[in-house]
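Each remark here refers to the structure printed beneath this line.
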Amino acid sequence: MAIDLGQSKLRRAVVRDDLSVEAERTVSSRALSQEDLLALLATEIRDVFTERTVAVAVSCASTIDRDGTLVWTGSLPLGGFELRTHLEETFRVPAVVENDGNAAAVGEHRAGAGVGTSDLVLLTIGTGVGGGVILNDRLHRGANGIAGELGHFSVDPRGPRCIPGCSGLGHLDVIASGTALDAAARAAAARHPESGLGRRAAAGAPVDGPAAVELALAGDLVARVAVLRIGRTLGRAACTLVTILDPELVVLSGGAAAAGELLLEPMRRFVRRHGLAPARDRVRIELGRLGDHAGLVGAGILALEAAS
């Protein structure tokens, strides 16, 4: 059993030992109390739990310490909750609780873009920025279990304050996320009313990151510049990660990855110009191959390992 528990939705699936995904289902988890969220989680697990279920894993948008306690959980009402212990006592099988970026990194490493590599960094770009680090074929969790929070290091020390719960400035989570691209699209529409984004705003159509990507891919210059700037910021972050960790591969995942080369090329260019040789010349920067299944597949892999 694999669960991907985000800030607003819960996805569940059965992951077979060949890493195929079955019985996938998504339900809203928005604005639930802790009691109701745990009840929803139990219901979704029981719906497909059989005598063949060997373990349960939850990929969660949270910082998680080494004993499976959720630490910082954003809007999820599970801060301080020992979720791993709760799952094991409820279902009587081994349980794993892992950060969603870490789970996605495991998925891409074992079944996606990272197959055949030993060292990779994954950046997942959604509402915020998450990530995961694989070193020497192992997920790197750090001393306290929270390594891989790649949305929370400073890329621009004069940038805006980070999200509530983080006191940093200029973190990727606020300057290179899907939310940041939404804001960049709206600002571009206001500055350039003659552009595709400006015309969308005038017509009352949504002006957000997906709209900017759509227009940029169609050749709209203003939208293209907005997306490329996010790519350059991601490149600045990737340059630091490549210099410090020297991975074989940097994987870009999450919803914003739909921009493809519009994000990848400025990332590669920044790393080549400003990185440290020979890492800058040898690292590959590519899109993930599992799409939004990466976290589920990674959670399934961790569950299977816990049961072995």
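The values are calculated or read from the model by the stated rules, or taken from the named source; none is laboratory data. This one's a predicted model, so the numbers in the text were calculated from it and none came from an experiment. Neighbour counts run over all protein chains shown; Cβ positions are idealised from the backbone, glycine included. For the accessible areas, the whole protein counts, side chains as well, though only heavy atoms, and no ligand, DNA or RNA atoms are used. Shrake-Rupley method; radii C 1.70, N 1.55, O 1.52, S 1.80 Å.
If you take the beta carbon distance between residue 232 and residue 169 as r and set R0 to 25 Å, what does 1/(1 + (r/R0)^6) give as a FRET efficiency, to the nearest 0.05? With a Förster radius of 25 Å, E is 0.85.
Mark the label point 7 Å from the Cα of residue 93 along Cα→Cβ and return the residues of the stretch 281-308 whose backbone N is within less than 17 Å of it. What the label zone holds, given the 17 Å backbone N cut-off, is 296-308.
Applying a 4.7 Å Cβ-Cβ cutoff to the chain, the cysteines left without a disulfide-compatible partner are 60, 239. Among the DSSP helices (H) of the chain, those spanning at least 27 angstrom by Cα along their long axis with an average Kyte-Doolittle hydropathy of 0.5 or more are 221-245; this is a geometric and hydropathy rule only. The overall shape of the stretch 1-112 is rounded: from the C-alpha gyration tensor, with semi-axes ordered a ≥ b ≥ c, the ratio a/c is less than 1.5.
What is the local net charge at residue 296, summed over the other residues whose Cβ is closer than 13 Å to its Cβ (Lys, Arg +1; Asp, Glu -1)?
-2
Of the candidates 255, 219, 198, which one comes out as most mobile in a Gaussian network treatment of the chain with C-alpha springs shorter than 10 Å? Its mean-square fluctuation being the largest, the pick is 219. Summed over qualifying helices (DSSP H, 4 residues or more, each -39500 (n - 2.57)) and divided by its residue number, the chain shows a 222 nm mean residue ellipticity of -12500 deg cm²/dmol. The Rg/Rh ratio of the stretch 22-77, with Rg taken over Cα atoms and Rh as the Kirkwood radius over Cα pairs, comes to 0.98. Within the accessible area of the stretch 135-276, what % is carbon and sulfur when the probe is 1.4 Å and the other protein chains stay in place? The C+S portion of the solvent-accessible surface of the stretch 135-276 is 55 percent.
Using only side-chain charges placed at the Cβ, +1 for Lys and Arg and -1 for Asp and Glu, the dipole size of the stretch 130-184 relative to its Cα centre rounds to 140 debye. First check a/c for the stretch 210-308, with a ≥ b ≥ c the square roots of the eigenvalues of its C-alpha gyration tensor; if it is under 1.5, answer rounded, and if not, answer prolate when a/b is larger than b/c or oblate otherwise. It comes out oblate by the Cα gyration axes.
The residues of the stretch 194-295 expose on average 48 square angstrom of accessible surface per residue, using a 1.4 Å probe on protein heavy atoms. Gap in Å between the Cα centre of the stretch 87-139 and the Cα centre of the stretch 244-308? A separation of 12 Å, based on Cα centres.
For the stretch 119-193, the direction-averaged projected area of the alpha-carbon convex hull comes to 6.2 nm².
Once both labels are positioned 7 Å from their Cα atoms along Cα-to-Cβ, the gap between residue 50 and residue 20 label points is 1.2 nm.
Under the criterion of Cα pairs below 8 Å and six or more residues apart, the relative contact order for the stretch 89-196 equals 19 percent. With a Förster radius of 30 Å applied to the C-beta separation of residue 66 and residue 154, the computed FRET efficiency comes to 0.70. In percent, rounded to a whole number, the relative contact order of the stretch 238-308 is 43, using alpha-carbon pairs under 8 Å and six or more apart. For residue 252, the accessible surface of its heavy atoms amounts to roughly 0 Å² (probe 1.4 Å, protein chains only, rounded to the nearest 10). Here the stretch 139-262 is described by how far its Cα atoms reach on the three principal axes: 52, 32, 21 Å, from widest to narrowest.
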